[in-house]
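A.B. asks: Quick one: structure below, then a few questions.
Computed from the coordinates by the stated procedures, all read-outs in this text should not be read as laboratory data. Everything numeric here is computed off the predicted structure, so don't read it as measured data. Don't worry about glycine lacking a Cβ; one is built from the backbone with ideal geometry, like all the others, and counts go over all protein chains shown.
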Amino acid sequence: MTVEVFLNKSNNELQVKVIGRFDFSLHQDFRKLSEQAAKGVSSISIDLGRTEYVDSSALGMLLVLRDKVSNQQSAIKIINACPDVKKILIIANFDKLFTVM
């Protein structure tokens, strides 16, 4: 379980890859990510292409991230989710809160 974070300085986009299981064990890493995002980025891209599992705490972490950047008008997109993960996001109505691609 890993979170890789990269700031693309050319377009001020925070790029995040979650590898493996996206669950409570990543909350410290995701908290740091939320703090970095709150410092001001134009957009956040969360790549779930190598994520095999998400639980309710992962959904909560995404909501916390959304709240942290809501006053900055930063766009958050979730990309490359496998069908099972995408299904969970849609059932939880995250497609109404985030751009899910």
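A.B. asks: Can you tell me the relative contact order of the chain? Whole percent, Cα pairs under 8 Å, sequence separation 6 or more.
C.D. replies: Reported relative contact order: 26 percent.
A.B. asks: Next question, about the same structure. Taking just the alpha-carbon atoms of the chain, what radius of gyration and Dmax come out, in angstrom?
C.D. replies: In order Rg, Dmax, the Cα atoms of the chain give 12.3, 35 Å.
A.B. asks: Work out how much length Ser57 to Asn71 would gain on full extension: take 0.36 nm times their residue separation and subtract the Cα-Cα distance, in nm to one decimal.
C.D. replies: In short, 2.7 nm is gained.
A.B. asks: What number of lysine-lysine pairs in segment 2-100 show an alpha-carbon separation below 21 angstrom, given a sequence spacing of 8 or more or placement on distinct chains?
C.D. replies: Count of close lysine pairs: 22.
A.B. asks: Please name whichever of Leu14, Leu59, Phe94 sits farthest to the positive end of the charge dipole of the chain, dipole taken about the Cα centre and charges placed at Cβ: Lys and Arg +1, Asp and Glu -1.
C.D. replies: Checked the options; the winner is Leu14.
A.B. asks: Check which residues have an amide H placed less than 5 Å from Tyr53's amide H, if you skip close sequence neighbours.
C.D. replies: Counting only residues 5 or more places away or on other chains, the set is Phe22.
A.B. asks: In whole angstrom, how far apart do the alpha carbon centroids of segment 1-30 and segment 66-94 sit?
C.D. replies: If we compute the Cα centre of each part, the gap is 13 Å.
A.B. asks: For a paramagnetic label modelled at 7 Å from the Cα of Asn80 toward its Cβ, which residues of segment 34-72 fall within the zone defined by backbone nitrogen distances under 16 Å?
C.D. replies: Flagged as within label range: 44-53.
A.B. asks: Within the chain, what percent of beta bridges assigned by DSSP are antiparallel, to the nearest 5?
C.D. replies: Approximately 30 percent, going by the DSSP bridge assignments.
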